[in-house]
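Written below as structure tokens is the structure these notes are about.
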Amino acid sequence: MSLFKRSRFTALFVLLFVIQLSAQKLPNIVILATGGTIAGAAETNVQAGYSSGQVGVDILIKAVPELKKIAKIKGEQVSNIGSQEMNDKVWLKLAKRINELAKKDDVDGIVVTHGTDTMEETAYFLNLVVKTKKPVVLTGSMRPSTALSADGPLNIFNAVAVACDINAWDRGVLVVANDKILGARDFIKTSSTDVETFKSPGFGWIGTVHYGVARYYRKPFTKYTYQTEFSVDRIKKLPKVAIIYMYSNNNGELIEDAVEDGYEGIVVAGVGNGNMTKAAEKALAKAAKKGIVCVRASRVPTGYIDRNVEINDDKLGFVASYQLNPQRARVLLKVALLKTKDTKTIQKYFAEY
Ligand code: DGL
């Protein structure tokens, strides 16, 4: 073989070796898909109506070819539902799968694609029960995959970039959407239509991520993931906990119904500082006397629900939700009831988690 041919062959070999090496250096990220608008589809690309959970994880990944430059991706379809249909069965399957994957040396981070309607609850549930310091990052979208200027593909790219980032380790479960990095415990869906729907009023973002470049402002200040005392490893079923929305002239009947229907916990989305009508308070006190754990939260989006402000929690045996909104108070109560019904211990959980 001539010198020229030999040197060309050598150059090609070195090039292939370098490509192989750089591919090996890329982090291994697993994308677990559950459905949602990000996997939604519509007849045309400029209409409001669409169906969630129509597109599979492989198509979601194919829609973002740039992922190949930042990570080695594997996709798994956990479910394919609108997140208004999210349920305990999928939660347990998702949490157990994340814990399995997180133990593997060849998994560096996990991304979960999910609907935005109940992402608050799923993210917070995972924040309480997954056991890893590795990044677990949820993302979704407000426009379906078929929409003009769909927001899903860039959200997936940014979520994977954060999941690849060593600086995202040990920050609890994160949510990435619209260039923001948010904390699982405190973000809320603030708009039913805006692309910038996720905000953390009173707490602020964990950070930002702009075309894959992440910057961080803070770490969560309460216990998360590997720091918690909660585990779902051997759990097949979660306790039933209801949220009762409070309003003027409420007569307490819905609370009585929840008691009759066998709920183990009741969260009241109260007015103001977790307040309610006298009739509702009476019904809730009766429920507490029967051993149902009752939590006062508030329909007001920010602030702090403290004990014994206008309602005597000490006397009536209620728990105050402190900083947790009703939907997160329900998640924590479901997980807490796996361990105890003691209201003093559960009140401590609301301060710690
Ligand atoms: N069907 C809703 C859901 O899956 C749409 C909201 C969304 O994903 O943006 O949560």
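The values are calculated or read from the model by the stated rules, or taken from the named source; none is laboratory data. Everything quoted here is computed from the prediction, not taken from an experiment. Please note: Cβ atoms are built from the backbone with ideal geometry, for glycine as well, and neighbour counts cover all protein chains shown.
Within region 20-33, is even one residue of a type in the set (S, T, N, Q) and within 14 Å of the ligand (Cβ to nearest atom)?
no
Of all residues in region 300-326, which are under 20 Å from the mean Cα position of the chain (by Cα) and of a type outside the set (Gly, Ala, Ser)?
Matches in region 300-326: Pro301, Thr302, Tyr322, Gln323, Leu324, Asn325, Pro326.
Just the residues that are in contact (Cβ under 8 Å) with a residue 40 or more places away in the chain and over 17 Å from Pro135 (Cα atoms), please, taken from region 223-239.
Within region 223-239, Glu229, Phe230, Ser231, Val232, Asp233, Ile235, Lys236, Lys237, Leu238, Pro239 qualify.
Would you mind telling me which numbered condition in (1) surrounded by fewer than 18 Cβ atoms within 10 Å (Cβ to Cβ); (2) in a helix (DSSP H, G or I) Gly291 fails?
(2)
Of everything in region 43-54, what is outside any strand (DSSP E or B) and either within 12 Å of the ligand (Cβ to nearest atom) or not hydrophobic (A, V, I, L, M, F, W, C) (or both)? Give them in sequence order.
Glu43, Thr44, Asn45, Gln47, Ala48, Gly49, Tyr50, Ser52, Gly53, Gln54
Considering region 56-84 alone, what residues qualify as being within 12 Å of the ligand (Cβ to nearest atom) and crowded, with 16+ Cβ neighbours inside 10 Å?
Answer for region 56-84, where residues must be within 12 Å of the ligand (Cβ to nearest atom) and crowded, with 16+ Cβ neighbours inside 10 Å: Ser79, Asn80, Ile81, Gly82, Ser83.
Among the numbered criteria (1) within 11 Å of the ligand (Cβ to nearest atom); (2) within 15 Å of the chain's Cα centre (by Cα), which one does Val90 miss?
(1)
Could you figure out which of (1) of a type in the set (Gly, Ala, Ser); (2) within 12 Å of the ligand (Cβ to nearest atom); (3) closer than 16 Å to Thr197 by Cα isn't true of Ala147?
Of everything listed in (1) of a type in the set (Gly, Ala, Ser); (2) within 12 Å of the ligand (Cβ to nearest atom); (3) closer than 16 Å to Thr197 by Cα, Ala147 misses just condition (3).
Residue-wise test of (1) within 23 Å of Lys189 (Cα to Cα); (2) in a strand (DSSP E or B).
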| residue | (1), (2) |
| --- | --- |
| Gly270 | yes, yes |
| Ala279 | no, no |
| Ala283 | no, no |
| Lys286 | no, no |
| Arg307 | no, no |
| Val331 | yes, no |
| Phe350 | yes, no |
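Here are some residues: Asn178, Asn167. Which one is modelled with pLDDT of 95 or more, surrounded by fewer than 24 Cβ atoms within 10 Å (Cβ to Cβ) and touching an Asp or Glu at 6+ places or on another chain (Cβ under 6 Å)?
None of the other options fit; the residue is Asn178.
Please list, ordered by residue number, the helices (runs of 4 or more DSSP H) wholly in region 62-170 having 1 or more residues that are closer than 25 Å to Phe230 by Cα and touching a residue at least 60 places away in the same chain (Cβ under 8 Å).
88-102, 119-129, 152-164
Confirm whether Ala351 is exposed (fewer than 14 other Cβ atoms within 10 Å of the Cβ) and closer than 25 Å to Lys219 by Cα.
Against the criterion (exposed (fewer than 14 other Cβ atoms within 10 Å of the Cβ) and closer than 25 Å to Lys219 by Cα), Ala351 qualifies.
Run down Phe157, Phe125 and say which single residue is surrounded by fewer than 24 Cβ atoms within 10 Å (Cβ to Cβ), among the aromatic types (Phe, Trp, Tyr) and more than 14 Å from the ligand (Cβ to nearest atom).
Selected residue: Phe157, the only one of Phe157, Phe125 that is surrounded by fewer than 24 Cβ atoms within 10 Å (Cβ to Cβ), among the aromatic types (Phe, Trp, Tyr) and more than 14 Å from the ligand (Cβ to nearest atom).
When only residues in region 49-87 that are acidic (Asp, Glu) and under 22 Å from the mean Cα position of the chain (by Cα) count, which is modelled with the lowest pLDDT?
Only one residue tops the list, namely Asp58.
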